[in-house]
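The values are calculated or read from the model by the stated rules, or taken from the named source; none is laboratory data. Source: prediction; values computed, not measured. Methodologically, a virtual Cβ is constructed for each residue, glycine included, from the backbone with ideal geometry; neighbour enumeration extends over all protein chains shown. Just so you know, the surface numbers come from the protein's heavy atoms only, side chains and all, with ligands and any DNA or RNA stripped out. Shrake-Rupley method; radii C 1.70, N 1.55, O 1.52, S 1.80 Å.
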Amino acid sequence: MCSALDQMHLKEVIVVDDCSSDASVAVAQRFSAKHSEIKIYSLTENSGPAAARNFGASMASGEFLCFLDSDDELLDGYFSEVVPLLDANPKFHAFKVGMEFFDSVRGYVLPAHDPRYSAAVFSSACNVLIRRDSFNKMGGFPVDMAFRAANGGEDHAFCEALAKHLPPLGKIEKPYYRCWSYEGSHLHRFLSNTRLAENTEGFQFVSLTLDQRPDGDLSRALRNYSNKVRKNLEA
């Protein structure tokens, strides 16, 4: 939250409590008492990150949207570089920036020279600054129950649809988002289940769960969401 408050061009910080079981709301309330830009909302039942982000976006009044997961950070200069680019280039719906991936004990866990870095950066939706109108036309993040499983996938689905249906997707290599990895996180699972390989991607999965396979629930949900976004944009 502090890293968002430090950004230039900031209009508001919308905190969505997805029925958290820790002290997140109390911490947010202490900050909101000092910063009028912070608005706090609580969902009535745990609905997952996609629904929480969609709700937060529906409450937003600014021209641009940026998403920040708990414990992660926006790095200095993020908005001050990207907002002017969007202002000056109306053909771009969004810009995606580089990332830093950290573990509190091991430090860097995914340096930029690792072939998996590009895949992780593309699959994240928190390193995207997007026009609010464009986000709304897409229909927001996918809320299919297939994305509530251990492998997630709503971020990748969103970014894939964004790049496919609303090109061009602006790209800035410089890291402006810091992602903190922890045991059980999507990044931790991704790194634990991949190894470097001499193929087009530069890495391969050690194993795929049933829902990750081409005919699995997650793969079908990805295709269905992409088709839904296409139809929303054509409407």
Next item on the list: Mind jotting down the distance between the C-alpha centroids of the stretch 152-191 and the stretch 23-79, whole Å?
Entry: 18
Next item on the list: Go ahead and run the numbers for FRET between Asn227 and Ser58, Cβ-Cβ distance against an R0 of 30 Å, rounding to 0.05.
Entry: 0.85
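Applying 1/(1 + (r/R0)^6) with R0 = 30 Å to the Cβ-Cβ distance of Ser21 and Asn193, what FRET efficiency is obtained, to the nearest 0.05?
Working: r = 27 Å, r/R0 = 0.90.
Calculated value: 0.65.
For the stretch 49-164, what does the equivalent ellipsoid look like in terms of its semi-axes, each the square root of 5 times an eigenvalue of the Cα gyration tensor, given largest first in whole Å?
On the way: eigenvalues 102, 74, 37 Å².
Sorted largest first and rounded, they come to 23, 19, 14 Å.
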Next item on the list: Mind grabbing the accessible area of Met145 for me, 1.4 Å probe, Å², rounded to tens?
Entry: 130
Next item on the list: Lys and Arg at +1, Asp and Glu at -1: add these up for the other residues within a Cβ distance under 13 Å of Pro168 and post the number.
Entry: +4
Next item on the list: In whole Hz, with x marking every Gly and Pro, tabulate ³J(HN,Hα) for the stretch 173-183 from phi via Karplus 6.51 cos²θ - 1.76 cosθ + 1.60, θ = phi - 60°.
Entry: 6, 4, x, 10, 9, 10, 9, 9, 8, 8, 4
Checklist line | Tail beyond 13 Å, pair distance distribution of the stretch 164-235 (Cα, percent) | finding: 79
Notebook entry, point to check: Which percent of the accessible heavy-atom area of the chain goes to carbon and sulfur, probe 1.4 angstrom?
Noted result: 52
Checklist line | 3J(HN,Hα) from dihedral phi, the stretch 138-149, Karplus parametrisation 6.51/-1.76/1.60, rounded to Hz, x for glycine, proline | finding: 5, x, x, 6, x, 10, 4, 4, 4, 7, 8, 6
Checklist line | Given charges at beta-carbon only (K, R positive; D, E negative), |dipole| of the stretch 18-161 in Debye | finding: 300
Check: trypsin sites (Lys or Arg not before Pro) within the stretch 19-66: which are DSSP loop residues with at most 13 other Cβ atoms inside 10 Å?
Finding: Lys34
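Report the calculated FRET efficiency for Lys137 and Arg106 (r = Cβ-Cβ distance, R0 = 45 Å), to the nearest 0.05. Mind showing how you got there, number by number?
Working: r = 41 Å, r/R0 = 0.90.
Here the calculated transfer efficiency is 0.65.
Kindly provide the helix-only [θ] at 222 nm of the chain, computed as the sum of -39,500 (n - 2.57) over DSSP H runs of four or more divided by all residues, to the nearest 500 deg cm²/dmol? If you can, show how the numbers build up before the last one.
Details: 9 runs with 88 residues, N = 235.
Taking each H run of at least 4 residues, the total per residue is -11000 deg cm²/dmol.
Over the chain, with the other protein chains present, what is the accessible area per residue in square angstrom, probe 1.4 angstrom?
Details: 12700 Å² over 235 residues.
It amounts to 54 Å² per residue over the chain.
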Margin query: Quick check for the chain: number of Lys pairs with alpha-carbon distance under 15 Å, counting only pairs 8 or more apart or on different chains?
Written below: 11
Next item on the list: Answer with a single label: of (i) -0.76, -1.29; (ii) -0.66, -1.53; (iii) -0.70, -1.68, which was calculated as log10 I(q)/I(0) by the Debye sum over Cα atoms at q = 0.12, 0.18 Å⁻¹ from the structure in view?
Entry: (iii)
Item checked: Positive minus negative residues near Ser36 (Lys, Arg vs Asp, Glu; Cβ under 15 Å) -> +2
